[in-house]
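Engineer: My structure is below; once you've seen it, I'll send some questions.
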Amino acid sequence: MGPVPNHPAEPDDDLDSYVGLDARTAEERARTRGWSTVRTLPPGAIITMEYLRGRIDFEVDDGTVKRCWRG
């Protein structure tokens, strides 16, 4: 049996705190809080549903974060 992967913990972050921020500020904040990948998406974007540890997703409309989720 192979070794169990030792994944780093995700940031302990309040995702609701990003809603209402402009996209650039939200991305900068996410990176300083330890998110390794920040993905910005338009409303209704078609995306794959695989979970990527350390990723934070922002739905951005008219330059403002409307929704936020992990992975």
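The values are calculated or read from the model by the stated rules, or taken from the named source; none is laboratory data. Bear in mind the structure is a predicted one, so any value in this text is a computation, not a measurement. Cβ sites come from the backbone with ideal geometry, for glycine too, and all protein chains shown count toward neighbours. Quick note on the areas: whole protein, heavy atoms, side chains included, nothing else; ligands and nucleic acids left out. Shrake-Rupley method; radii C 1.70, N 1.55, O 1.52, S 1.80 Å.
Engineer: Per residue Cα convex hull volume for the chain, in cubic angstrom?
Structural biologist: Numbers: hull volume 6.1 nm³, N = 71.
Per-residue hull volume (Cα only) is 85 Å³.
Engineer: Taking the Cβ of residue 67 as the centre, find all other residues whose Cβ is under 11 Å away and add up their charges (Lys, Arg: +1; Asp, Glu: -1).
Structural biologist: The answer is -3.
Engineer: With every protein chain present, what is the per residue accessible area of the chain (1.4 Å probe, Å²)?
Structural biologist: On a per-residue basis, the chain sits at 69 Å².
Engineer: So, in nm, how far is label residue 31 from label residue 17 when the simple model puts each one 7 Å beyond its Cα toward the Cβ?
Structural biologist: 1.8
Engineer: Normalising by the residue count of segment 10-71, find the relative contact order in percent from Cα pairs under 8 Å and 6+ residues apart. Present the calculation step by step, with values, prior to reporting the outcome.
Structural biologist: Values: 100 pairs, mean separation 24.0, N = 62.
That works out to 39 percent.
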